[in-house]
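Taking it in order: structure first as C-alpha cells, then the write-up.
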C-alpha cells in the first residue's frame, strides 16, 4: 500500500467562542447527570436498598446491626465459658492423675485466658475475645504435649 491513510482528514480549528460554548454545554450536561445520580442514590438508600440497588449493608437498618452484635456477644460468651470449663476439668483430671504438674498448670492457664475472653466478649470486645480464645486453646494444646 502506498500513501497515507489519513490524508483526507484535516484538523478542525475552533475559535475561542466556539470552545467556550462547547465547554459551557458540557459543564451543564455534567451537572445534570451528577444531580440525577445523586437523586437515584438517595432514592435507593431510602427504599432500603444499597447504593448499588441491591439489598446490601448500606440499606440495613439499625435493628439488624444490634441483632448481629448481640449474637456475636452470646457466641463469644458461650464459647469462652465452654472452653474455660473444659480447661478447668482437664486441669483437675491431670492434677489428680500421674501427669506432670506442668501439664495441669498449662490447662489452668489456658482456662484463665478463656475466662478473660468470656469477660471481653460480654463487654462487646468480640474480636479480642476471639483471639484470646485461640490463644487459650493453644496454651491448653501445648500443655497436653507435656503429658
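Values in this text are rule-based calculations from the coordinates and carry no lab data. None of these values were measured; they are calculated from a predicted model. For neighbour counting, all protein chains shown are included, and Cβ atoms are generated from backbone atoms with ideal geometry for every residue, glycine included.
In this simple spin-label approximation, residue 125 and residue 98 carry label points 7 Å from Cα along the Cα→Cβ vector, and these lie 4.3 nm apart.
Taking 0.36 nm per residue of separation and subtracting the current Cα-Cα distance, fully stretching the chain between residue 142 and residue 85 would add 18.8 nm. What FRET efficiency comes out for residue 72 versus residue 135 if R0 is 25 angstrom and r is the Cβ-Cβ distance? Round to the nearest 0.05. Efficiency at R0 = 25 Å is approximately 0.85.
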